[in-house]
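One structure is given here, and the rest of the page talks about it.
The values are calculated or read from the model by the stated rules, or taken from the named source; none is laboratory data. Remember, predicted model here, so these are calculated numbers, not experimental data. Every residue, glycine among them, receives a Cβ derived from its backbone with ideal geometry; neighbour counts consider all protein chains shown. Side chains are part of the model used for accessible areas, which takes the heavy atoms of the whole protein and leaves out ligands, DNA and RNA. Shrake-Rupley method; radii C 1.70, N 1.55, O 1.52, S 1.80 Å.
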Amino acid sequence: QVQLVESGGGLVQAGGSLRLSCGASVRTFSSYAMGWFRQAPGKEREFVAAISWSGVDTMYADSVKGRFTISRDNTKNTVSLQMNSLKPEDTAVYYCAADFSYFGSTSAKYAHWGQGTQVTVSS
């Protein structure tokens, strides 16, 4: 069983930064590709960023390119999302996701999910 726990959310002013972290309780963290998704009130869950098993490959939604950076530490079983130049439209619950065989932007293909952490960006 894979358990994912997000942390680091909060309230920040527009233009500010936050760093989200996701800890995974798995035997071999490097066996899982990881992703971050978000869901704003009244909207569908959307892709934010993903990182491959080794961390060599990353991908981002166009809306966050150049502002967000995904990274992972396979020795600490963590994946992080550094969010800079935050905008009010980044306000959402952010979810960490993991999958053994899939690396990409399709949420339905990720098997494991965390509970989410709230990010609120005030204008």
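On average over all directions, what projected area in square nanometres does the chain have, based on the convex hull of its Cα atoms?
Averaging across all directions leaves 6.8 nm² for the Cα convex hull.
If eta is 0.890 mPa s and T is 25 °C, what Stokes-Einstein diffusion coefficient results for region 1-41, Kirkwood Rh from Cα pairs, in µm²/s?
Reported coefficient: 197 µm²/s.
Would you mind getting me the FRET efficiency between Ser107 and Ser7? Use the beta-carbon distance for r and R0 = 22 Å, nearest 0.05.
In this case the efficiency is close to 0.60.
Under a 1.4 Å probe, what is the accessible area of region 1-88 per residue, stated in Å²?
With the other protein chains kept in place, region 1-88 gives 52 Å² per residue.
How large is Rg/Rh for region 78-123, to two decimals, with Cα atoms and a Kirkwood Rh?
When Rh is taken as the Kirkwood radius, the ratio is 1.02.
Please identify which residues in region 49-93 have an amide N closer than 18 Å to a label point set 7 Å out from the Cα of Ala40, following the Cα→Cβ vector.
It comes to 49, 61-68, 83-93, nothing else.
Leaving out ligands, DNA and RNA, what percent of the accessible area of the chain is carbon and sulfur, probe 1.4 Å?
On the chain, the fraction of accessible area on carbon and sulfur atoms equals 47 percent.
Hey, got the Cα dimensions of region 31-99 along the principal axes, in Å, largest first?
Largest first, region 31-99 extends 35, 22, 19 Å along its Cα principal axes.
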